[in-house]
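The values are calculated or read from the model by the stated rules, or taken from the named source; none is laboratory data. All values derive from a computational prediction rather than experimental measurement. Don't worry about glycine lacking a Cβ; one is built from the backbone with ideal geometry, like all the others, and counts go over all protein chains shown. Just the protein is used for accessible areas: all its heavy atoms, side chains included, with ligands, DNA and RNA removed. Shrake-Rupley method; radii C 1.70, N 1.55, O 1.52, S 1.80 Å.
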Amino acid sequence: MLRLTEKGVDLDVTATDAKEAIRLAGRGLEREGKVTGAYVDRMVEAYESVGAYIVVAPGIAFPHARPGEDVLGAGVSFIRLQEPVRFGHDLHDPVTFVCGLCGVDKMGHINMLQQLSRALGNDDTLAMLKQAKTKQQIINLLQKEEK
């Protein structure tokens, strides 16, 4: 189950580029107490070295890094950007939703990716996420779709 709280959600934030959007998602994971700042740096480094593979569907990115000592627990954050940002993906740019992920092991990481993919794979849910006014509405939508 996705353990997302209001500390890990930011709505209508501004990012000038993909790296800043990734850092914003990482800060949500930090506020949740799931990672240290070193993990956020590694999220950006992973994007720099591997590129836009983290853009998994139109308008949706899942930045993450490999599990490591800087991961304090499995977690997810959710950022809705005020203006979409280009990540460099040929098909799915620009990105509006950035979900930061951290796992304590490889399987936990994969399970979170699958859960988020299911939650964000519904066009009606995406439309509601764009219109949501509160952090709690975002959490409710993601947890409802997860079931």
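Answer yes or no: is there a residue in the range 34-43 that is over 25 Å from Lys133 (Cβ atoms), touching a Lys or Arg at 6+ places or on another chain (Cβ under 8 Å) and either open to solvent by 30 Å² or more (accessible area, probe 1.4 Å) or part of a loop (DSSP other than H, G, I, E, B) (or both).
Scanning the range 34-43 turns up at least one residue that is over 25 Å from Lys133 (Cβ atoms), touching a Lys or Arg at 6+ places or on another chain (Cβ under 8 Å) and either open to solvent by 30 Å² or more (accessible area, probe 1.4 Å) or part of a loop (DSSP other than H, G, I, E, B) (or both).
How many of the residues making up the range 44-53 are open to solvent by less than 70 Å² (accessible area, probe 1.4 Å) and either under 20 Å from Asn111 (Cα atoms) or of a type in the set (Gly, Ala, Ser) (or both)?
The number of residues fulfilling the criteria is 3.
Could you please give the count of residues in the range 1-23 that are at pLDDT 95 or above and touching a Leu at 6+ places or on another chain (Cβ under 8 Å)?
Within the range 1-23, residues that are at pLDDT 95 or above and touching a Leu at 6+ places or on another chain (Cβ under 8 Å) number 7.
Can you tell me how many residues in the range 48-74 are in contact (Cβ under 8 Å) with a residue 40 or more places away in the chain and under 30 Å from Ala127 (Cβ atoms)?
11
Does Glu30 satisfy the criteria of being at pLDDT 95 or above, assigned to a helix (DSSP H, G or I) and either in contact with a Pro (Cβ under 8 Å, 6 or more places away or on another chain) or farther than 12 Å from Gly100 by Cα (or both)?
Answer is no for this residue.
State all residues of the range 95-115 that are closer than 23 Å to Ala15 by Cα and among the β-branched types (Val, Ile, Thr); if no residue qualifies, say none.
Matches in the range 95-115: Val95, Thr96, Val98.
Please go through the range 1-22 and give me each residue that is free of Cβ contacts under 8 Å to residues at least 40 places away in the same chain and over 22 Å from Tyr53 (Cβ atoms), ordered by number.
Lys7, the sole residue that qualifies.
Looking at (1) touching a residue at least 24 places away in the same chain (Cβ under 8 Å); (2) of a type outside the set (Lys, Arg); (3) within 20 Å of Glu20 (Cα to Cα), find the lone condition where Asp105 falls short.
(3)
Scan the range 53-66 and give yes if some residue there is modelled with pLDDT under 95, more than 27 Å from Gln131 (Cβ to Cβ) and among the β-branched types (Val, Ile, Thr), otherwise no.
The answer is no, given that none of the residues of the range 53-66 is modelled with pLDDT under 95, more than 27 Å from Gln131 (Cβ to Cβ) and among the β-branched types (Val, Ile, Thr).
Could you please find all residues in the range 2-27 being closer than 14 Å to Gly103 by Cα and open to solvent by 70 Å² or more (accessible area, probe 1.4 Å)?
Arg3
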